[in-house]
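The values are calculated or read from the model by the stated rules, or taken from the named source; none is laboratory data. The structure presented is a predicted model; accordingly, all values stated were derived computationally and were not measured. Because the Cβ atoms are built from the backbone with ideal geometry, glycine has one as well, and the counts that use them run over all protein chains shown. What goes into the accessible areas is simple: the full protein's heavy atoms, side chains included, and nothing from ligands, DNA or RNA. Shrake-Rupley method; radii C 1.70, N 1.55, O 1.52, S 1.80 Å.
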Amino acid sequence: MTEALATRSLDVDLLARELGNWRTSSRSGPAYHGLADAIRLLIIDGRVPVGARLPSERALAEVLRVSRTTVTAAYTQLRDDGYLNARRGARSTTALPVEPPAPSRVTVAAANLSAATLAAPAAIAARAFADAAEQVTPYLHDIGIELSGVAPLRAAIAERYCARGLPTDPDEIMVTTGALHAIGLILATYTQPDDRVLVEQPTYHGVLAAMATRGLRPVPVALAPDGWELDAVEAAVRQLAPSLAYLIPDNHNPTGMTMPVADRKRLAHIIGDTRTRTIIDETITDMWLDAEVPPPLASVVTARRDLVMTVGSMSKSFWGGLRIGWIRADRSTLATIAALRPAVDMGTPILEQLAAATLLAAEDEVLPERRDILRSRRALLLRLLAQHLPDWQPVPGKGGMSLWVRLPAPMSSALSAAASRMGLEIPPGPRFGVDGTLERFIRVPYTLPDEQLVEAIELLARAWRTVTGLSAPEPTTVVV
């Protein structure tokens with residue numbers, strides 16, 4: 001593999017746009033300090049991927065309208081600090097300083113902010129399982145293996161897509177044992193070890209773990225504060241030709257952002273024009289809080305519709321204990337996946353599928369109440385952060401089940417470790433990114449019951465004071 005193919009080059013104009021008003025950081029010192037600090041924070045935040053080639057000193061100096069000496073000094077500072085790797089005859093590539101891992105100590109969790117999910121709607125779920133037990137009898141006379149899923153559930157899922165503006169037949173649905181299982185089947189079918197997969201930065205950490213297990217190389221494209229940088233997506237696809245792309249356009253995990261219609265149309269054009277097979281994760285689509293999500297991205301794809309595979313799940317909308325997910329895709333795509341599936345598993349349990357079909361029929365009874373619960377708990381979490389951690393800056397997402405919060409300093413891993421020692425489990429920001437970036441961010445779910453959420457944020461604030469040495473803010477009353 002050549003160096004040109006293996007390493008991603010940063011577009012100089014995109015980098016300049018990401019740097020923004022970097023000069024404000026250098027008012028009290030040399031200009032190169034401000035430029036070096038700005039680039040370093042882009043690397044730490046995951047806005048610039050680790051291992052990417054920076055523009056030449058001359059090109060960046062011209063775009064930023066500074067002397068080449070300023071850029072040279074900034075690059076030198078970054079190399080000295082461990083944020084750039086220099087190679088003779090080649091441009092510098094971004095890096096992270098190598099530090100020894102901090103010692104950890106296993107503690108029984110007193111509070112848990114690691115999972116963003118709700119408990120089941122107990123009464124309706126119990127009724128669904130009771131109905132499923134009555135419906136399962138005909139299936140008992142067969143072998144019980146359904147590689148594509150039982151007909152009632154596939155019909156119910158297809159009907160939901162039709163209602164959302166994406167015409168779908170039941171045979172365009174494959175039922176899986178959860179969304180991550182669906183994604184794993186797609187990865188097993190369409191990738192080989194060492195293949196590249198384009199992902200957002202940040203993204204769902206479970207998918208990054210699944211990719212690592214298969215020996216895949218995620219190609220991160222950073223999300224901007226206001227959404228998707230499709231210029232950067234297109235540049236990455238054209239430069240590196242990933243085997244797959246994995247994207248979360250609805251109530252994105254962890255930021256809560258939703259891709260607008262115009263961006264969906266452009267992304268659909270990029271997919272078709274570059275022939276990039278793409279997984280669209282709609283696991284959290286139902287959990288919109290401020291505005292309904294647009295129609296499925298697959299509905300605006302006009303060319304090469306076989307390239308888009310949409311993944312859905314019952315876990316966030318109804319209950320994670322069901323372990324029911326699905327793939328919505330072209331028939332030929334599902335046939336290819338089905339041919340491989342017996343090497344992975346022999347299908348999804350039938351009783352749970354029948355219960356899921358009953359729950360989908362009751363979604364108008366279930367989902368509005370769950371959205372109301374999330375809105376209330378999100379409001380409580382925002383009040384708690386304002387009280388205990390006023391310097392933290394939540395990203396203004398409009399849905400989902402968690403806040404993506406920018407920290408005043410890149411100390412997410414230290415914070416996670418300190419919280420764990422206090423009995424609070426919360427994953428650090430780098431868990432949601434590639435190559436150890438995102439140290440200035442942390443994901444805080446708002447799915448716990450009110451009393452548990454209050455306790456968790458109080459512990460989180462104590463952990464933050466431990467790692468920063470800050471004193472507690474003046475106490476105020478938060479109404480639960």
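See the values below:
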item	result
Burial order of peptide ranges 370-382, 171-183, 70-82 (average beta-carbon count within 10 Å, highest first)	171-183, 70-82, 370-382
Spin-label proximity, S114 to the range 166-206 - amide N less than 14 Å from point 7 Å beyond Cα toward beta carbon	205-206
Check: the chain dipole with +1 on Lys, Arg Cβ and -1 on Asp, Glu Cβ, in debye	1540
Integer Hz, Karplus 6.51/-1.76/1.60 couplings in order for the range 445-450, x for Gly and Pro	x, 10, 9, 6, x, 3
Estimated FRET transfer efficiency when R0 is 35 angstrom, pair E455-A123 (beta carbons, to 0.05)	0.85
Sequence-separation-based contact order of the chain, relative, with Cα cut under 8 Å and 6+ spacing, percent	19
Percent carbon-and-sulfur accessible area, the chain, ignoring ligands, DNA and RNA, probe 1.4 Å	53
Table column - 3J(HN,Hα) (Hz), the range 266-283, Karplus curve with 6.51, -1.76, 1.60, x for Gly and Pro	5, 4, 4, 5, 4, 4, x, 5, 9, 6, 9, 5, 9, 8, 9, 8, 10, 4
For R217, residues with placed amide H under 5 Å, excluding near neighbours	D194, D195, R196, V197
Unit charges on C-beta of K, R, D, E only; dipole of the range 173-255, Debye	340
Ordering of 328-339, 131-142 by burial proxy (mean other Cβ atoms within 10 Å per residue, highest first)	328-339, 131-142
Diffusion coefficient, µm² s⁻¹, Stokes-Einstein with Kirkwood Rh over alpha-carbon pairs of the range 3-94 at 37 °C and 0.692 mPa s	251
Per residue, in Å², the accessible surface of the range 3-94 once ligands and nucleic acids are set aside, probe 1.4 Å	50
Helix axis angle, 412-421 relative to the chain longest principal axis, alpha carbon, degrees	60
Helix-derived mean residue ellipticity, 222 nm - over the chain, DSSP H n ≥ 4, -39500 (n - 2.57), to 500	-13000 deg cm²/dmol
Amide proton proximity set for T258, modelled H, under 5 Å, gap of 5+	N251, H252, K398
Over the range 122-364, volume per residue of the alpha carbon convex hull, in Å³	117
Heavy-atom accessible area per residue - the range 249-393, 1.4 Å, Å²	37
Cα centroid separation, the range 173-196 to the range 22-77 (Å)	39
Rounded to 5, the percent of DSSP beta bridges in the chain classed as antiparallel	55
From phi via Karplus (6.51, -1.76, 1.60), per-residue ³J(HN,Hα) for the range 386-393 in Hz, x at Gly/Pro	4, 6, 8, 9, x, 7, 6, 10
